[in-house]
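Okay, structure first, notes after.
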Amino acid sequence: MPITVSVAIDRPIERVFEFMADFANNPKWQYTCLASSKVSEGPIGVRTAFVEQLRAMGMRGNVTLEVTEHEAPSKFGFKATPFGPIAPTASFTMETADGATRVTLVANPNPRGPFKLLSPFISWWAAGLWNKHFRQLKKVLEEG
């Protein structure tokens with residue numbers, strides 16, 4: 001069950017894209033991300049891989065994120081290896097709006113196995129988590 005979350009950030013679109021598309025910055029604004037590092041060669045683009053250490057849903061573990069879309073400065077996306085009962089995919093779009101950058105996330109937690117039955121709850125939980133992440137992202141980019 002997909003979720004959509006958005007935030008307006010008072011920074012230029014290029015700055016927002018550059019910061020967000022480098023997943024090594026994720027620990028600075030995503031509460032569930034303890035560490036993130038790029039593990040593939042070359043500049044960030046489609047097929048770039050990052051390994052993240054996460055803590056969420058009472059679990060701790062590593063996931064690999066693979067960039068699936070990368071169209072600077074307006075769009076990027078990823079797919080993740082499974083983390084517990086989910087194997088998320090996400091797409092972020094950026095657009096200039098009223099002098100700020102509007103970031104919109106469309107994500108699908110993709111619950112697996114019997115957890116598919118909990119899809120509405122997992123999506124509700126994920127939307128709340130991403131709203132919290134986006135509040136921190138806004139703070140980091142606007143105040144930092």
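Let's see if you can work this out: charge +1 on each Lys and Arg Cβ, -1 on each Asp and Glu Cβ, no other charges. What is the dipole magnitude of segment 3-143 about its Cα centre, in debye to the nearest 20? Working shown, then result.
Values: 16 positive and 13 negative charges, 122 e Å.
The calculation lands at about 580 debye.
Treating each Cα of the chain as an identical point scatterer and summing with the Debye formula, the log10 of I(q)/I(0) at q = 0.09, 0.12, 0.21 Å⁻¹ comes to -0.26, -0.46, -1.45. Remark: segment 6-19, residue by residue, has Karplus-estimated 3J(HN,Hα) of 9, 8, 9, 10, 7, 8, x, 4, 5, 5, 5, 4, 4, 5 Hz, where x stands for each Gly or Pro and the curve is 6.51 cos²θ - 1.76 cosθ + 1.60 at θ = phi - 60°. Modelled this way, with points 7 Å down the Cα-to-C-beta line, the labels at K79 and A35 are 2.7 nm from one another.
Projected onto planes of every orientation and averaged, the convex hull of the alpha-carbon atoms in segment 17-66 covers 3.4 nm². Per-residue Cβ neighbour counts within 10 Å put F83, F76, F50 in the sequence F83, F50, F76, beginning with the fewest.
Counting only alpha carbon atoms, the long axis of helix 119-143 and the longest principal axis of the chain meet at about 30°. Length gained on full extension, M57 to T104: 14.6 nm, using 0.36 nm per residue less the C-alpha separation. For the pair T4 and Q136 in one chain, pulling the backbone fully straight at 0.36 nm per residue adds 45.8 nm over the alpha carbon distance. When the chain is described by a simple charge dipole with +1 on each Lys and Arg Cβ and -1 on each Asp and Glu Cβ, the residue from F83, F17, L118 located farthest towards its positive end is L118. Principal axis analysis of the Cα atoms in segment 46-88 yields extents of 35, 14, 13 Å, listed in decreasing size.
Under the rule of -39500 (n - 2.57) per DSSP H run of 4 or more residues, summed and divided by the residues of the chain, what mean residue ellipticity at 222 nm is obtained, to the nearest 500 deg cm²/dmol? List each step's numbers first, then the result.
On the way: 2 runs with 34 residues, N = 144.
My calculation for the chain gives -8000 deg cm²/dmol from helical runs alone.
Any idea how far the Cα center of segment 70-144 sits from the one of segment 6-51, in Å? Segment 70-144 and segment 6-51 have Cα centres spaced 12 Å from each other.
We did not get these values from a lab; they are worked out from the coordinates using the rules stated. Just so you know, these numbers come straight off a predicted model, no measurement behind them. FYI the Cβ positions are ideal-geometry reconstructions off the backbone, even for glycines, and counts take in every protein chain you see.
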